[in-house]
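Participant: Sharing a structure with you now.
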Amino acid sequence: MNLSRREKGKMILEAFITIGLMLLSYYAVHMILKRVVLIFPESFKSIWGIGDVIVNIEGNQVFTSTPPFLILVLILTGAVTYWRLKRRYRQYQLTHIINELHYIAEGHYEHRISHDYRGDMSRVVDSIHVLVDSTVRAMEEERMIEQSKDELITNVSHDIRTPLTSIIGYLGLIEEGRYHNQEELLKYTKTAYQKAKQMKVLVDDLFEYTRVRQKTTPLNLVYFDMIQMLEQIAADFELEASKQEMTIEVVSVLPSLYMEADTEKLVRVFNNLLSNALKYGKDGKQILIEVEKTDEEAIITVKNDGPEISPKALNHLFDRFYRADESRSQETGGTGLGLAIAQSIIQLHKGDISARSQSGWTSFIIRLPLNEV
């Protein structure tokens with residue numbers, strides 16, 4: 001910290017005042033002792049060690065060996081002066097830090113306290129900087145959470161309003177009898193029913209998303225064979241894949257892979273990944289589920305040879321309500337919550353999920369710990 005000219009002047013003045021007071025105190029003590037020794041010479045002669053100080057009381061030569069005493073007083077004066085100046089300097093430092101804190105508290109969070117402090121003061125300033133940085137991060141996270149909540153409400157409102165408008169419209173036509181025949185009536189009811197199912201899918205996905213996003217969501221852990229579970233899931237999708245002239249295959253050199261996890265939630269993850277592969281990779285011919293194992297984790301890759309995903313879309317695939325193709329309707333594009341739900345489920349298992357699209361393959365890589373979650 002650089003002291004101002006005024007502060008330096010105050011400290012120099014205080015030093016001179018301290019030295020002057022100490023010397024006056026020495027002189028006063030000297031005169032008092034001299035007077036006492038002259039009044040009570042016999043008493044002081046009987047005290048051991050006084051002879052080194054008093055040479056000749058009868059000749060009024062009191063304190064003829066005073067210079068050592070004066071040196072001691074000067075040393076004491078210097079020590080006291082140094083202590084007072086150091087104390088005053090620390091007070092100036094504290095005042096400077098407090099003023100800087102007030103400036104930061106006014107909203108200048110990027111400001112840093114400039115200093116050349118040492119010892120405790122340096123640690124205090126460093127701690128203040130750490131506290132300010134953590135506060136700024138907390139404020140930014142809070143802002144992002146609030147923004148995320150606003151986006152969630154906006155997206156849910158939009159996705160619910162669209163089918164709800166259609167439902168109300170078609171039911172209104174039926175209520176008012178504005179149909180010409182039974183066939184048209186069935187058409188209106190079918191459309192309203194389909195829109196109602198869309199709303200249910202959205203509400204179910206939204207409920208599932210909010211549930212798995214909570215870190216306290218319990219996992220129903222069971223011991224199972226991952227490869228057997230994946231083969232069963234692949235078999236469930238074979239009929240739909242054959243309709244699109246695609247094949248689904250589980251590929252692994254391992255005969256089995258036993259681990260502990262919540263199978264119900266993991267089935268939701270793989271169902272979502274395979275549904276997306278069939279929906280968006282329909283120009284391809286293959287869907288592969290590759291299973292590998294390391295000492296600590298299981299690695300499951302769900303990949304298809306359909307159209308590649310752009311790098312921009314890859315960065316947002318796991319964002320809620322994100323659809324890689326914004327032009328898709330809700331019927332073809334889904335709710336945009338599937339991959340966000342999958343990511344939350346994997347994170348609940350202390351695992352990781354990522355995506356890449358290159359060399360003609362779009363892959364989703366899941367890493368799950370083999371030890372107990």
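Readers should treat all values here as calculations from the given coordinates under stated rules, not as data from a laboratory. This is a predicted model, so every value here is computed, not measured. We place every Cβ from the backbone using ideal geometry, glycine too, and count neighbours over all the protein chains shown.
Participant: Cα-Cα over 24 Å: which of LYS200/LYS279; LYS265/LYS350; LYS215/LYS303; LYS149/LYS200; LYS243/LYS303; LYS195/LYS215? Please report the intermediate quantities before stating the final value.
Facilitator: Working: LYS200/LYS279 20 Å; LYS265/LYS350 13 Å; LYS215/LYS303 29 Å; LYS149/LYS200 21 Å; LYS243/LYS303 19 Å; LYS195/LYS215 33 Å.
Result: LYS215/LYS303; LYS195/LYS215 exceed 24 Å.
Participant: Starting with the highest mean, order 200-212, 237-249, 133-145 by the number of other Cβ atoms within 10 Å, averaged over the residues of each peptide.
Facilitator: Most protected by this proxy first, the peptides run 200-212, 237-249, 133-145.
Participant: Also: Just to be sure I understand: if I project the alpha-carbon convex hull of the range 155-285 onto a plane and average over all orientations, what area do I get in nm²?
Facilitator: 12.0
Participant: So how much slack lies between GLN182 and THR217, counting 0.36 nm per residue of separation and subtracting their Cα-Cα distance, in nm?
Facilitator: 7.7 nm
Participant: Could you tell me the extents of the range 113-218's C-alpha atoms along the three principal axes, largest first, rounded to whole Å?
Facilitator: Principal extents (Cα only, largest first): 91, 32, 13 Å.
Participant: Sticking to Cα atoms, compute the Rg of the range 90-160 to one decimal and its Dmax as the biggest Cα-Cα distance, whole number, in Å.
Facilitator: 18.7, 64
Participant: Tell me the Rg and the Dmax, in Å, that the Cα atoms of the range 104-144 produce.
Facilitator: Here Rg and the maximum Cα pair distance are 11.8, 38 Å.
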